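The values are calculated or read from the model by the stated rules, or taken from the named source; none is laboratory data. Computed from a prediction, not measured in an experiment: that's the story for all the values here. As a convention, Cβ positions derive from the backbone with ideal geometry for all residues, glycine included, and neighbour counts pool all protein chains shown. The protein model used for the area step is the full one, side chains on, heavy atoms only, and it has no ligands, DNA or RNA in it. Shrake-Rupley method; radii C 1.70, N 1.55, O 1.52, S 1.80 Å.
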Amino acid sequence: MPLDESELQKAAIESLVDWSKWLVTIETALVGGIAFMSQQASFADTSTRVLVSVSSVCFVLSAIFALWLVGAAPSAIQQLPFSHTVHQFRMWGRFKLVHLALLQHLFLALGVFALLAVGGLHIWGAR
């Protein structure tokens, strides 16, 4: 039996929420790991300190956007079915879910790239 549109939209929202919760979990572990490593190692290089800070800030911002998305889910589910896609749902009349999802992924990617750059600096510095 095929699912109706509101059930499909609810499943899409729940999948987005699950993904966002996993991102928050992973990013919390990354920020904790970065904080621990920062205490254990001295970063004499200014660029390394900046990149470590940038990655931490990006992970925190990504987690904030993910938490906003999780917080918007109950309201979105209550307003089902939408006449448009789930991603077009406006939270507080302003922010679309697609924007929150985009921002959480953008900051995740920036944080990962900054962290990889730190690793690259250490590899090049060791040569």
Which of the peptides 22-28, 98-104 is most tightly packed, and how do the rest follow, going by the mean number of other Cβ atoms within 10 Å of each residue? 98-104, 22-28
Residues of the chain: accessible area per residue with a 1.4 Å probe, Å²: 63 Å²
Mind telling me which of Gly111, Gly71, Gly93 comes out most flexible in a GNM of the chain, alpha-carbon contacts under 10 Å? Gly93
Mind listing the phi-derived Karplus ³J(HN,Hα) values for segment 26-39, rounded to whole Hz, using 6.51, -1.76 and 1.60 with θ = phi - 60°, and x for any glycine or proline? 5, 5, 5, 5, 5, 5, x, x, 5, 4, 5, 5, 5, 6
Report which label in (i) 14.9; (ii) 16.1; (iii) 9.8 holds the value of mean projected area of the Cα convex hull in nm² derived from the coordinates of this structure. (iii)
Tell me, what % of the accessible area of segment 4-56 is carbon and sulfur with a 1.4 angstrom probe? 64 percent
Between the helical axis of 46-78 and the dominant principal axis of the chain, each derived from Cα atoms, what acute angle in degrees is found, rounded to the nearest 10? 10 degrees
Checking rank on 112-118, 6-12, with mean other Cβ inside 10 Å and highest first, the result is 112-118, 6-12
What whole-number distance in Å separates the alpha-carbon centres of segment 6-23 and segment 44-81? 17 Å
Tell me, what ³J(HN,Hα) does each residue in segment 85-102 have, in order and in whole Hz, if you take phi through Karplus 6.51 cos²θ - 1.76 cosθ + 1.60 with θ = phi - 60° and put x for Gly and Pro? 6, 4, 5, 8, 4, 9, 8, 6, x, 10, 8, 7, 4, 4, 5, 5, 5, 5
Say R0 is 22 Å: what FRET efficiency, to the nearest 0.05, do Phe36 and Leu116 get from their beta-carbon distance? 0.75
Ignoring everything except DSSP H segments at least 4 long, calculate the 222 nm mean residue ellipticity for the chain; use -39,500 (n - 2.57) per segment, divide by total residues, nearest 500. -28500 deg cm²/dmol
Distance-filtered residues of segment 92-113 - backbone nitrogen under 18 Å, label point 7 angstrom along Ala29 Cα→Cβ: 108-109, 111-113
In percent, what relative contact order does the chain have, based on Cα pairs under 8 Å that are 6 or more apart in sequence? 34 percent
Please list, ordered by chain and number, the residues whose modelled amide H lies under 5 Å from the amide H of Lys96; skip anything fewer than 5 residues away on the same chain. Met91
